[in-house]
Amino acid sequence: MNFTSIFFFKKCLSYVSVQGPCFLQALECLVRLASVRRSLFVEDPARSQFLSHLMSGTREILQTGQGLADHGNYHEFCRLLGRFKVNYQLSELLNVEFYGEWLGLVAEFTTKSLLSWQWASNSVYYLLSLWSRLVTSVPYLKGDTPSLLDETVPKITEGFITSRINSVQASFADNSPDPDNPLENAESLQDQLESLPYLCRFKYESCSLFIINIMEPLLQAYTARSRLPASGDAAELSVIEGQIAWMVHIIAAILKIRQTVGCSQDSQELFDAELAARVLQLINITDTGVHAQRYQEISKQRLDRAILIFVQNFRRSYVGDQAMHASKLYARLSELLGLTDHLVLLNVIVGKIATNLKCYAECEDVIDHTLSLFQELASGYMTGKLLLKLESTKFIIANHSRENFPFLEEYRCVRSRTNFYYILGCLVFMEDGPVKFRSFMEPLLQVAVNLEASADAAFRTDVVKYAFTGLMRDLRGIAMATNSRRTYGLLFDWLYPSRMPLLLRAISLLTDEPEVTTPLLKFMSEFVLNKAQRLTFDSSSPNGILLFREISKLIVAYGSRILLLPNGTNIYRSKYKGIWISLTVLSRALCGNYVNFGVFELYGDRALADALDISLKMTLSIPLSDILTFKKLSKAYYGYMEVLFNNHITINSVLNLDTSTFVHIVTSLESGLKGLDTGISTQCASAIDSLAAFYFNNITAGDNPPSPAALNLARHIGELPSLFPQILKSLFEIIIFEDAGNQWSLSRPILSLIMISEQMFSDLRAQILASQPLDQQQRLSQCFDKLMTDVTRSLEPKNRDRFTQNLTTFRHDFRAK
């Protein structure tokens, strides 16, 4: 390996030393050579010699700069340098004779790259990654040989920070959206800041002082501008905001990582406090004076996004459960800002959240970032409890109207409403008591009452439609927050029976308005979902049955009208989306285990039969090609079919259909089996298994006179006897020739189909063997013999498990060469 590697390495260097078309390819080869594994070397000296050659070659390129004027070559060379610490230990680099010279050249090259931020923006990642890996290896370094990182790393860190500040001055003073600006591109920003915290914390005292010396003048200038009239130099203010935004992002990245390298934990807490204090001080400045009038400015939005990211990282490290381990930090924050503990700090954070929600009515991105932070705070048990003690939180819960939070009126932020009310619901449900819940729901109750008082013609107006869709989105968020029987009961009692007629009226009047029906159906989809067993009613309560009757009314009202509408230019939006959500609603209700469906037939109630009938009509109105094309539609359709065949086959109107329609549905299940989606394939296998098992138990092995449903199934199969053999063939082809990840699920319908007719299995076996080479047929025949070993003619769980084990062995032996 040694001779060969060095030969190829020298060959690559020979190409690198001469400008030409092979230069880039030679660098790519060197990157791969730098990545060879330790196990490929027979002895460590050979590997050390190989490393020496690599460092010598890169040193030569760094000294001459040969070929690095080309951007592609430059980027590939940065990748090559980044591979050194990935594949080699710092101690191995130190043992190379010219390590000091090589490190100095790499440091100089890195500094120049940082200054050329426009040229090397995508390449700097690999260089910073190299340095971060070097500094994180220092604690594990043995021996007295100096790493020389103490002198080089601070300069690189300062160079990076300075270059980011200069980049704002040079390029982003126009205050316009720019997708190439890292402050607008979260992925690019993450790449640039990923390695920085390790470099900063390596010499944290000097680095934090450097950052503070940059931040202080910027904060003073920004504070001074808040007192000036709004007609001042907007471009200059945008530059200041951009520079502060970069510094806030840098501080946020540092606080995200708590690493004790170079100083003690207590010292790091003090330095963290010094940096955090500057940003916390900034929170008060951004929303005062002239800055309170700049929420529409791009640079102001960038700055507030940076502050939110800082708060998120700082909270994870020092607020809540972590606060008890950060006494030094809070002591220093108390001295600097008067923030004595994490509860006072939390009040500042929630104050900023409330301000953003009030002021950023038209900036969806800032609203989403703010709600993400709010949700993170509310979802924590301890921080959630602390939030409820704060006056700012109490204000939000008590005044969640459009007047206080204008973003609720903005169409572009309409999706944020659900998340907003989910967060508020989580906070409200942390406290026991229906009185507080009813008080919280009062604004929504007023909206519902006003809608109920509106005339039918008024429902077509934009004002009423927007009010209704907003109500549905709000209720969906609250429904998402109900995770227990108690909390769900509060919402159920508020909604039923008083508010349900409004939903039925809206879906009946506005069936052709998907912007109205979609939020309504999505709310119902969440409301009927029995997650965490929240839909558990008392044994004497009829609520489960009453809820399903309301679901049936909605589905029938929507389905009977949507089928009459003509297909629009965008058929998915106008029809298919509403249909798949309806199927999801019905599927969740049918398998929620909170309704005794036998009651409906017993008392002659048509709620179940009508819901099943209209849902089948909706599915049959969609071509199979469209079902397979649209992913969400496909998942809802096959999920519904699984529930239908598994839980309701005896009262299933599928078996009452004509044979051609029945065959169409079963054929669609076969198509789902052959698809690439494992989840859908599993659902189809389950549905087919239920159908085949029903046939076996009631017709093949049934002792009692067959039921009407069984007679219908027998009639369908009698008119098309090739249906089951074709499905069995498809299942065997998937098992034998494809790498299915759901083999257990596929084994279930195979056994059920084999039990229906042994002749069907024998014919398929002969057909498969005939398609194989003659010299393999005897061996494969033995595989089929072993498949049915110890398998009895029943569908008992133990028999199924035994067949599944045999099928696994069969597949392995059949595919063996």
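The values are calculated or read from the model by the stated rules, or taken from the named source; none is laboratory data. Just so you know, these numbers come straight off a predicted model, no measurement behind them. Ideal geometry is used to build each Cβ from the backbone, glycine not excepted, and the neighbour counts take in all protein chains shown. Surface areas here come from the heavy atoms of the whole protein model, side chains and all, with no ligands, DNA or RNA. Shrake-Rupley method; radii C 1.70, N 1.55, O 1.52, S 1.80 Å.
When residues in region 699-713 are screened for being more than 18 Å from Glu758 (Cβ to Cβ) and either touching a Lys or Arg at 6+ places or on another chain (Cβ under 7 Å) or in a helix (DSSP H, G or I) (or both), 6 of them pass. Just one of the listed residues (Ser653, Ser625) is among the hydroxyl-bearing types (Ser, Thr, Tyr), assigned to a loop (DSSP other than H, G, I, E, B), more than 19 Å from Leu521 (Cβ to Cβ) and without any contact (Cβ under 8 Å) to a residue 60 or more places away in the chain, namely Ser653.
Among the residues of region 703-721, just one is out of contact with any helix residue (DSSP H, G or I) (no Cβ under 7 Å at 6 or more places or on another chain) and open to solvent by less than 30 Å² (accessible area, probe 1.4 Å), namely Ala709.
Any idea which residue in region 157-201 is modelled with the lowest pLDDT, counting only those that are in a loop (DSSP other than H, G, I, E, B) and hydrophobic (A, V, I, L, M, F, W, C)?
Of everything passing the filter in region 157-201, Ala173 is modelled with the lowest pLDDT.
Can you spot a residue in region 587-601 that is farther than 27 Å from Ser541 by Cβ and in a helix (DSSP H, G or I)?
no
The C-beta contact set for region 802-813 (first residue surrounded by 19 or more Cβ atoms within 10 Å (Cβ to Cβ), second residue part of a helix (DSSP H, G or I) and of a type in the set (Phe, Trp, Tyr), distance under 6 angstrom, 6+ apart or interchain) is empty. From the list Arg793, Arg811, Arg815, which one is in contact with a helix residue (DSSP H, G or I) (Cβ under 8 Å, 6 or more places away or on another chain), modelled with pLDDT under 90 and charged (D, E, K, R)? Step by step, each of Arg793, Arg811, Arg815 is checked, and only Arg815 is in contact with a helix residue (DSSP H, G or I) (Cβ under 8 Å, 6 or more places away or on another chain), modelled with pLDDT under 90 and charged (D, E, K, R).
Checked against (1) of a type in the set (Lys, Arg); (2) more than 42 Å from the chain's Cα centre (by Cα); (3) surrounded by 18 or more Cβ atoms within 10 Å (Cβ to Cβ), Arg748 meets all criteria but (2). Number of residues in region 508-534 that are hydrophobic (A, V, I, L, M, F, W, C), under 19 Å from Val595 (Cβ atoms), open to solvent by 10 Å² or more (accessible area, probe 1.4 Å) and modelled with pLDDT of 95 or more: the value is 1. Do the conditions hold for Leu339, that is, is it open to solvent by 10 Å² or more (accessible area, probe 1.4 Å), part of a helix (DSSP H, G or I) and out of contact with any Asp or Glu (no Cβ under 9 Å at 6 or more places or on another chain)? It is false that Leu339 is open to solvent by 10 Å² or more (accessible area, probe 1.4 Å), part of a helix (DSSP H, G or I) and out of contact with any Asp or Glu (no Cβ under 9 Å at 6 or more places or on another chain). Helices (runs of 4 or more DSSP H) fully within region 724-817 that include at least 1 residues being under 20 Å from Ile688 (Cα atoms): 743-756, 758-770, 797-815. Within region 523-562, the residues that satisfy the criterion of being in a loop (DSSP other than H, G, I, E, B) and within 34 Å of the chain's Cα centre (by Cα) are Val528, Leu529, Asn530, Arg534, Leu535, Thr536, Phe537. Go through the residues of region 58-75 one by one and say whether even a single one is crowded, with 18+ Cβ neighbours inside 10 Å, more than 41 Å from the chain's Cα centre (by Cα) and aromatic (Phe, Trp, Tyr). For region 58-75, residues crowded, with 18+ Cβ neighbours inside 10 Å, more than 41 Å from the chain's Cα centre (by Cα) and aromatic (Phe, Trp, Tyr): absent.
Applying a threshold of 9 Å to beta carbon distances and a minimum spacing of six or more residues, or different chains, the list of pairs starting in region 587-601 at a residue that is open to solvent by 50 Å² or more (accessible area, probe 1.4 Å) and ending at one that is at pLDDT below 90 and β-branched (Val, Ile, Thr) reads Glu601/Ile651. Of all residues in region 448-467, those that are open to solvent by 30 Å² or more (accessible area, probe 1.4 Å) and not in a helix (DSSP H, G or I) total 4. Within region 410-417, is even one residue open to solvent by 10 Å² or more (accessible area, probe 1.4 Å) and farther than 22 Å from Met524 by Cα? Yes - at least one qualifying residue is present in region 410-417. In a residue-by-residue description of region 493-507, the property of being open to solvent by 10 Å² or more (accessible area, probe 1.4 Å) and under 29 Å from Asn567 (Cβ atoms) applies to at least one position.
What number of residues within region 468-483 satisfy the criterion of being open to solvent by 20 Å² or more (accessible area, probe 1.4 Å) and at pLDDT 95 or above?
Taking region 468-483 first, the residues open to solvent by 20 Å² or more (accessible area, probe 1.4 Å) are 473, 476, 480, 483.
Restricting the remaining residues to those that are at pLDDT 95 or above gives 473, 476, 480.
Qualifying residue count, region 468-483: 3.
No other residue among Asp689, Asp677 is out of contact with any strand residue (DSSP E or B) (no Cβ under 9 Å at 6 or more places or on another chain), on the phi < 0 side of the Ramachandran plot, open to solvent by 40 Å² or more (accessible area, probe 1.4 Å) and not aromatic (Phe, Trp, Tyr) apart from Asp677.
Of the candidates Gln268, Gln281, Gln243, the single residue that is part of a helix (DSSP H, G or I), polar (S, T, N, Q) and open to solvent by less than 10 Å² (accessible area, probe 1.4 Å) is Gln268.
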